[in-house]
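First up is the structure itself, then whatever we jot down about it.
Only the coordinates and a few stated rules stand behind these numbers; no lab work does. Not measured: the values here are computed from a predicted model. Counting neighbours? That spans all protein chains shown, and the Cβs are built from the backbone with ideal geometry, glycine included.
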Amino acid sequence: MYNYMNRISVLLMVAMFFVLNIATIEPAGAQNKSLIDSATLRKLMKSSRDSIDIDAKKTLQQAEIHVNIAREINYYFGLVYALNTRGYAKRRVGDPSQAVTDHKEAIRLAEKYNFQKSRAEAYMGLAGDYNNMGAYQEAFLNYTTAISVFAVVQDSTGIASGYMCLGNVQLNMKYYDDAIRNYTKAANMFNKIGLPLSAAKAYTSMAANYQKLNNHRVALSYLYRTLRISDSLHSKQELPIAYMYMGECYNELKMRDSAMYCFMKSYNGFKENGYAFNELRALYNIGHFFAGLNENDSSEKYYMEALILADKVADRLTKQIILKDLSAVFLKRGELMRAYHFRDSSANLQDSITNAANLRAIAELNTKFERKEIENKNSTLQKENDLQRLRLQRKDIFIYSSGIIIMLFLAFGALILRHNKLRSDQQRIQMEQKQLLAQMNPHFIFNCLNSIQRYIVQRDADNANRYLADFAMLMRQTLDNAKEGTISLLKEMEYLENYLSLESMRFANKFTYNITCSDDIEPGLTQIPSMIIQPFVENAIIHGLRNIEHREGSLDIRFYKKEDSLFCEVDDNGIGFNASKDYKDKMFIKHKSYGMELTRSRLALMSKMKRAEYKISVVHKLNGNQENDGTKIIVKLPLIF
Amino acid sequence: MINAIIIDDEPNSVFTLDSFIKEHCNEVNIVGSAGNVKSGKELIEDIRPQLVFLDIEMPFGSGFDLLRSLDKITFEIIFITAYNQYALAAFRFSAIDYLLKPIRIAHLKDAVKKAEQRIQEKKAVFNYEQMLHNMQEKDPRKQKLGVLHRGEHIMLQLDEIMYLIADGKYTRIHVKGKNYLMLKNLKDFEEMLPTSIFCRIHYGHIINIDCVSKIQKGRGGNVVMRDGTELEIAVRRKDEFMKLVQHEN
């Protein structure tokens, strides 16, 4: 009986809901028959917002119209949405102070009608506006509010974006460690949710951070990650900004050509999508670049253009830097009055941006936020559980659907004889896995741990820590590189450097080593197959250098370019091939050099698949008396950028 | 005091082991160290140590090569290796003590204590030659499995072993007319014994297929061993067993 009653009441409620709904929608529709309905508007607004990165000006115009329509048909959710979009667009075209008004209005409405997610978005927008204007205190406060609102509605994408923006503010405030922490959080969350492009954005920001810390090579490595993700998704969205940072890094590293190439690529990219704020940065970079080359006229031209744009977008921070740099340019030209004038304005501006009170307030806010974050943790955890469940469900669907796809594919493959290619792909993957295992030579791993034990026994905490960290870094690099088919030459060189420093420590500096790259190669921009060189280096140590007596070993690794191919030489002065073979033949346990074998067959397979030449040659060096004098391995690879 | 030497090419390892022994093994006196097979051999011939800590991986050959180059092994050995599956299998098979790098102090103390006991009791030095023989012997039937039985080190030629029966956590090895109770479980033996002649036909026993005299059909069936013992074949393992028997014939 009770159950029955219950059911009736539910039915009644459903009926009432429908009646009410019709009641609210009908008059709106009746009032503005000529106008579009809320669902259509919603669709329009969404596509308009999605195209903000492509054409901000157009989005702004559309948003103006959408705001008016939403008001007229009393579609408040849409109104908030459109206001938010309009705010973003205004900021994008360089009008952050106007954007503030829109976002504040959006917050007010969202609170009134209890649209939590829109409210969070509006806070994000507002914070972004403040950040652009250099009002970091307000920006920080609004981002933290946004994050906590996102946490309430369990929107992990929102939370991740929030952390990312928080990182941006901290980056501007020079709280680099905090910024890195937040970026990492954001990147991890994005990867978890499956938004690689957003993760790429986070990597770009990390790069900006490392760049500020003068760690340009690390910055470059993060930027390459962004490029790679963009490439694999065929997205241009992140490219201009990544190129901009790359240009800056190369400029700092005095690699002028690469820098100019990147700057121009980024400037053109920004111009295309009309984002004034970044166009400013690109202009500034080019000015700065010419200043570095002492081309003062060109430099002044670009700086002046940048200055005008900086005023337009109200970017005080960049303006201050431009003023300072311009002053330096004038100083170089001997125009002392102008130099003084610009220097003075720059100093005044800086004072107003970062004063001590500002900093203290941020620090206080930081602690406050941390406390809030703990309170939010529970809800975040809950949300992560839900996510996990969803992901599992998605995985099920994925497994079933991929099963069907594979079956179809196999049937087709038998018909059109495609399985040949499939087989070589599998072979490649298998080989790469085996190569990983060969590179993580267990013997090497345990010997490294053994070496660390020595420092522990010796109570030499410094060296133990150093060795341990180096070892951890090498393992990490190995795992990271194994995921990629190709890596940059720069990364490979870093990897070899790290590996060799560990090995030479282990053998008590029995040999010295040297890794060089000729000037006509840009190591950051050149790609080589991952895990190719290391087995040769390991071989040189184990069979050549480890066995020498009464003299010092040396190992030279050289990368150079010849006839459009990339060459790598691994050159040792060890006991040489013949001597090594002699004693190996006599050995009780025969050594199997898996690494070398695998590398050879992997290169052979790559030659077949890529139709490019990968070749290994071995030179048995002889000295004046025709005696063995070490071994030189030459690996020939095609030049890939 | 026991005079001992360390043969290892990595200075770090020598340092670590030397420090550990000084601190934890008062009965051992390290009197020298060598960094490769050649100088190791010279050192052994000069010093005539009672105990050698011997690394497997070295320049100019391995620790085994060093042992083979000697006329007679007159000392106890504690083998050391970072990672060499081949060597580890050989040690286990011949029940020989070894240490893994990085070294655990408890293991070191234990190995040293055992070696000391053997030296003091003036027992015949462990059958290292036997281990080297095993490593070279191609015919598995002529290999010898080293086992510890009531503290005694015995070598059992594989073609003498008829079957092994699980006895709780332990294992009883049956050879012609005798059996030995071992402090290892059946799984340990399954891993060591060559699968070309030994087959685990049941959860509870492993048999030498050369010693089967009759196969009785049934659901899984039974085997009758040479000494008349009947052993059950598990249904799940029958295919594997039959394949092996047919392959032999």
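Within straight-line reach of A:LYS46, meaning a Cα separation under 20 Å, sit the following aspartates and glutamates at least 8 residues removed in sequence or on another chain: A:ASP37, A:ASP55, A:GLU64, A:GLU72, A:ASP102, A:GLU105, A:GLU121, A:ASP155.
Backbone geometry of region A:530-535 corresponds, through the Karplus equation with coefficients 6.51, -1.76 and 1.60 at θ = phi - 60°, to 3J(HN,Hα) couplings of 6, 6, 9, 7, 3, x Hz, x marking Gly and Pro. Mean partner shielding of peptide B:54-66, defined as the number of other chain Cβ atoms within 10 Å of each residue Cβ, is 4. Rounded to the nearest 10 degrees, the angle from helix B:37-47 to the longest Cα principal axis of chain B is 70 degrees.
Residues whose amide H comes within less than 5 Å of that of A:THR512, counting only those at least five positions distant or on another chain, are A:GLY553, A:SER554, A:LEU555 (H built at 1.01 Å from N in the peptide plane). Exposure proxy for A:LEU415, A:LEU490, A:LEU83: other Cβ atoms within 10 Å of each Cβ, ordered fewest to most, give A:LEU415, A:LEU490, A:LEU83. Pairs of Lys residues in region B:2-132, spaced 8 or more positions apart or belonging to different chains, with C-alpha separations under 13 angstrom: 4 in total. In terms of Cα atoms, the Rg and Dmax of region A:53-101 work out to 10.5, 30 Å. Counting charges near B:LYS169 (Lys, Arg +1; Asp, Glu -1) among other residues having Cβ under 11 Å from its Cβ returns a value of 0. Restricting attention to region B:137-248, the count of lysine pairs at 8 or more positions apart or across chains with alpha carbons under 24 Å apart stands at 28. With both bridge residues required to lie in region A:424-638, what share of the DSSP beta bridges run antiparallel, to the nearest 5%? That works out to approximately 80 percent antiparallel.
Among all the aspartates and glutamates, which ones have a C-alpha under 18 Å from A:LYS212's C-alpha, if same-chain residues fewer than 8 places away are not counted? Cα-Cα hits under 18 Å: A:ASP177, A:ASP178, A:GLU248, A:GLU252, A:ASP325. Considering all C-alpha pairs of region B:137-248, those separated by over 18 Å amount to 47%. Taken over region A:219-360, lysine pairs spaced eight or more positions apart, or on distinct chains, with alpha carbons under 16 Å apart number 7. Partner shielding of A:446-456 amounts to 6, given as the average count of beta-carbon atoms from other chains within 10 Å of each residue beta-carbon.
Couplings 3J(HN,Hα) for region A:228-244, derived from phi with the Karplus relation 6.51 cos²θ - 1.76 cosθ + 1.60 (θ = phi - 60°), are 4, 4, 4, 4, 5, 9, 6, 10, 9, 4, 8, 5, x, 5, 4, 4, 4 Hz, where x marks Gly and Pro. Can you bin region A:262-340 into rounded, prolate or oblate? Criterion: square roots of the alpha carbon gyration tensor eigenvalues sorted a ≥ b ≥ c, rounded for a/c under 1.5, prolate for a/b above b/c, oblate for the rest. Oblate shape, in that a/c is at least 1.5 and b/c is the bigger or equal ratio.
Our coupling estimate for region A:301-317, obtained by passing each phi through the Karplus curve with A = 6.51, B = -1.76, C = 1.60 and θ = phi - 60°, is 4, 5, 4, 4, 4, 5, 4, 4, 5, 4, 4, 5, 8, 6, 9, 6, 5 Hz, Gly and Pro reported as x.
Normalised by the number of residues in chain B, the average gap of Cα pairs under 8 Å and 6 or more apart makes the relative contact order 10 percent. Estimated from helices alone, the mean residue ellipticity of the protein assembly as shown at 222 nm is -21000 deg cm²/dmol (sum of -39500 (n - 2.57) over DSSP H runs with n ≥ 4, per residue). Going from the residue with the fewest nearby Cβ atoms within 10 Å to the one with the most, A:LEU41, A:LEU197 rank A:LEU197, A:LEU41. The amide H of B:ASP167, built 1.01 Å from its N in the peptide plane, has B:ARG172 as neighbours under 5 Å, considering only residues 5 or more places off or on other chains.
Put in order of Cβ neighbour count within 10 Å, fewest first, the listed residues B:LYS217, A:LYS185 become B:LYS217, A:LYS185.
Partner shielding of B:81-89 amounts to 3, given as the average count of beta-carbon atoms from other chains within 10 Å of each residue beta-carbon.
As a ratio to 2.2 N^0.38 Å, the alpha-carbon radius of gyration computed for the protein assembly as shown takes the value 1.27.
Average 1/r across all pairs of distinct alpha carbons in region A:497-636, invert it, and you get the Kirkwood radius: 16.2 Å.
Counting DSSP beta bridges with both partners in chain B, what percentage is antiparallel, nearest 5? For chain B, the DSSP antiparallel bridge percentage is about 65. Between B:ILE47, B:ILE209, B:ILE154, the Gaussian network model of chain B with springs among Cα atoms under 10 angstrom shows the greatest mean-square fluctuation at B:ILE47.
Residues whose amide H comes within less than 5 Å of that of A:LEU639, counting only those at least five positions distant or on another chain, are A:LEU566 (H built at 1.01 Å from N in the peptide plane).
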